[in-house]
Amino acid sequence: MKKLKKIFLVSSVALMHGNITAQSANFKTKNPYYSKTETAKLKVSNAEWKKILKPELYQVAREAATETAFTGKFYEFDEKGTYYCAVCGNALFLSTSKFATTCGWPSFYEPIRKNSVIYKKDNSLNMERTEVLCGRCDSHLGHIFDDGPAPTGKRFCMNSVCLDFVPIVKNN
Ligand code: FE
């Protein structure tokens, strides 16, 4: 956790100096698995992902770390569009299923389609939780809880760093 905070601190400093966009773009172009159209399941080792993903994404997506509450870029964000897996490009959520929450992480009441995410029991930290993973690349995205709004009553509590957002293009 300490290490993660350090990474976020370094990221913030980079952002202040305008380097983070270039760095992220650089990492994205070097990712040969990233596709918004491919749906075939990926089998990629963590050793390989570590070479491809920026460190703050690798740590959450591949080592199930949790980004610090209230710090993610999509926590207070309500633009209309689609959220994709930042690791592989798989479509995950529509902005229409995102809801305002005080938990500190972006939250959705349903995935874009049934198989876009998969679930796994998580008994870490002495808690019984259900982990939410990307249905294409098996990356850790966050957890699901039963305190969400209608119509599902579910709260998909996600880490912003694992999400890419593409806004709806407005035709004027
Ligand atoms: Fe993925």
Checking Arg155 against (1) closer than 20 Å to Thr68 by Cβ; (2) within 16 Å of the ligand (Cβ to nearest atom); (3) among the basic types (Lys, Arg): exactly one of these is not met. Which one? (2)
Restricted to region 132-144 and to residues being part of a strand (DSSP E or B) and within 14 Å of the ligand (Cβ to nearest atom), the residue surrounded by the most Cβ atoms within 10 Å (Cβ to Cβ) is Leu141
Selection from region 105-121 of residues that are at pLDDT 95 or above, away from the ligand (no atom under 12 Å from the Cβ) and surrounded by fewer than 19 Cβ atoms within 10 Å (Cβ to Cβ): Tyr109, Glu110, Ile112, Arg113, Tyr119, Lys120, Lys121
Out of the residues in region 24-52 that are away from the ligand (no atom under 13 Å from the Cβ) and within 20 Å of Val117 (Cα to Cα), state the one that is modelled with the lowest pLDDT. Thr37
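Got at least one residue in region 145-153 being part of a loop (DSSP other than H, G, I, E, B) and at pLDDT below 95? Give the steps one after another, and end with the answer.
Initially, region 145-153 is screened for residues part of a loop (DSSP other than H, G, I, E, B), giving 146-153.
Remaining after also requiring at pLDDT below 95: none.
No, region 145-153 contains no residue that is part of a loop (DSSP other than H, G, I, E, B) and at pLDDT below 95.
Test of understanding: among Leu125, Leu94, which residue is surrounded by 14 or more Cβ atoms within 10 Å (Cβ to Cβ), more than 16 Å from the ligand (Cβ to nearest atom) and without any contact (Cβ under 8 Å) to a residue 24 or more places away in the chain?
Details: Leu125 fails: surrounded by 14 or more Cβ atoms within 10 Å (Cβ to Cβ).
Of the residues listed, the single one that is surrounded by 14 or more Cβ atoms within 10 Å (Cβ to Cβ), more than 16 Å from the ligand (Cβ to nearest atom) and without any contact (Cβ under 8 Å) to a residue 24 or more places away in the chain is Leu94.
Going by what's in this entry, would Pro55 be described as more than 13 Å from Phe165 (Cα to Cα) and within 14 Å of the ligand (Cβ to nearest atom)?
On the way: more than 13 Å from Phe165 (Cα to Cα): yes; within 14 Å of the ligand (Cβ to nearest atom): no.
The answer is no for Pro55.
The values are calculated or read from the model by the stated rules, or taken from the named source; none is laboratory data. Just so it is clear, the structure is predicted and the values come from calculations on it, not from any experiment. When we count neighbours, we look across all protein chains shown, and the Cβ atoms used for this are built from the backbone with ideal geometry, even at glycine.
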